[in-house]
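Chemist: I have a structure I would like to understand better, so I am pasting it below and will then ask my questions one at a time.
The values are calculated or read from the model by the stated rules, or taken from the named source; none is laboratory data. Keep in mind that this is a model prediction, so the values were computed, not measured. A quick note on method: Cβ atoms are made from the backbone with ideal geometry, for glycine too, and the neighbour counts reach across all protein chains shown. Ligands, DNA and RNA are stripped out before the accessible areas are found, and what is left, the full protein with its side chains, is counted by its heavy atoms. Shrake-Rupley method; radii C 1.70, N 1.55, O 1.52, S 1.80 Å.
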Amino acid sequence: MWVYEKKLQYPVRVSKCDPHMAKLLLEQYGGADGELAAALRYLNQRYTIPDKVIGLLTDIGTEEFAHLEMIATMIYKLTKDATVEQLQDAGLDAHYVSHDKALFYSNAAGVPWTAAYIQAKGDPIADLYEDIAAEEKARATYQWLIDMTDDVDLQDSLKFLREREIVHSLRFQEAVEILKEDRNTKKIF
C-alpha cells in the first residue's frame, strides 16, 4: 500500500545542540496533539468513515507518520552531541536515566503516550470535527515551538510542519461539507 522513500518529507536542519528544544519537541512526538496520535487517530477512523472521504484519512494519516519521522530527526539532531550535564540542565535527566538518548513516546512533561489520546466516535462528522480540532491544536503548538527557538534552520522545518497542519485542517473541513451535503441529499429508492 505504501511506497517509502528513504528521505524525509522536508529537510531537517539544526544549527546547534539544544537539548531544551528537543525536550519541547517531544510534545509533537508523543503528546496528545502530536504526530503519533494524529496518525493513529486518522488511520483508525477510516474504517467507519464513508467511502467518499476514506482516502483523505488514509492520505493524511500516512503523512502524519512522515511528520513523526521529521520530529524524531529534529530531536536526535538536537541531542546527539549533548553531554549528560546538558541533558540534565534541559530537564531530560529522568528521560536519560530510563532511555539514554533513545526516543520514547512521551510529551514535553515526560508523560508517556497513551491510546486515550485517540478519539473515534464512529459518527463521521463528529470525527472530522475532532480531526479539525487536532490539526488546529498541532498548528498552534508548532507556532509556539517556532517562538521558542532562535535556530532559523529548525524554524524552517517547523514552519513547514505548521503549514501542513493548516492544509490538513482545510481538507478535513472540506470533507465535513461533502458529508453534510450528502446527508442532506434526498435519497430516492
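Chemist: Name every residue in region 128-153 that is touching a Lys or Arg at 6+ places or on another chain (Cβ under 7 Å) and among the hydrophobic types (A, V, I, L, M, F, W, C), in order of residue number.
Modeler: Once the filter is applied, which keeps residues that are touching a Lys or Arg at 6+ places or on another chain (Cβ under 7 Å) and among the hydrophobic types (A, V, I, L, M, F, W, C), region 128-153 yields ALA134, ILE146.
Chemist: Restricting attention to region 57-74, which residues are in contact with a Leu (Cβ under 9 Å, 6 or more places away or on another chain) and open to solvent by 10 Å² or more (accessible area, probe 1.4 Å)?
Modeler: THR58, THR62, PHE65, ALA66, LEU68, GLU69, ALA72, THR73, listed by residue number.
Chemist: Only one of LYS16, LYS23 is in a loop (DSSP other than H, G, I, E, B), of a type in the set (Lys, Arg) and either open to solvent by 60 Å² or more (accessible area, probe 1.4 Å) or under 28 Å from ALA133 (Cβ atoms) (or both). Can you tell me which?
Modeler: Sole residue among the options that is in a loop (DSSP other than H, G, I, E, B), of a type in the set (Lys, Arg) and either open to solvent by 60 Å² or more (accessible area, probe 1.4 Å) or under 28 Å from ALA133 (Cβ atoms) (or both): LYS16.
Chemist: Being touching a Ser or Thr at 6+ places or on another chain (Cβ under 8 Å) and either part of a loop (DSSP other than H, G, I, E, B) or open to solvent by less than 60 Å² (accessible area, probe 1.4 Å) (or both) is the filter here, so list the residues in region 132-154 that pass it.
Modeler: Hits for region 132-154 are ILE132, GLU135, ASP151, ASP153, LEU154.
Chemist: Go through the residues of region 52-60 one by one and say whether even a single one is among the small types (Gly, Ala, Ser), part of a helix (DSSP H, G or I) and within 25 Å of THR114 (Cα to Cα).
Modeler: no
Chemist: Name the residue, out of LEU179, LEU170, LEU103, that is hydrophobic (A, V, I, L, M, F, W, C) and open to solvent by 80 Å² or more (accessible area, probe 1.4 Å).
Modeler: LEU170
Chemist: Keeping to region 44-97, report how many residues are under 21 Å from GLN28 (Cα atoms) and touching a Cys at 6+ places or on another chain (Cβ under 9 Å).
Modeler: 5
Chemist: Right, here's the next one. Can you tell me which residue in region 117-131 is least open to solvent (accessible area, probe 1.4 Å), limited to those that are at pLDDT 95 or above and aliphatic (A, V, I, L, M)?
Modeler: LEU128
Chemist: If you don't mind, another one. When you go through TYR10, TYR47 one by one, which is the residue that is open to solvent by 40 Å² or more (accessible area, probe 1.4 Å), of a type in the set (Phe, Trp, Tyr) and part of a loop (DSSP other than H, G, I, E, B)? Explain how you work it out, then say what you get.
Modeler: Working: TYR47 fails: part of a loop (DSSP other than H, G, I, E, B).
Of TYR10, TYR47, the one residue that is open to solvent by 40 Å² or more (accessible area, probe 1.4 Å), of a type in the set (Phe, Trp, Tyr) and part of a loop (DSSP other than H, G, I, E, B) is TYR10.
Chemist: Can you tell which of THR79, THR58, THR114, THR73 is modelled with pLDDT of 95 or more, farther than 29 Å from VAL167 by Cα and of a type in the set (S, T, N, Q)?
Modeler: THR79
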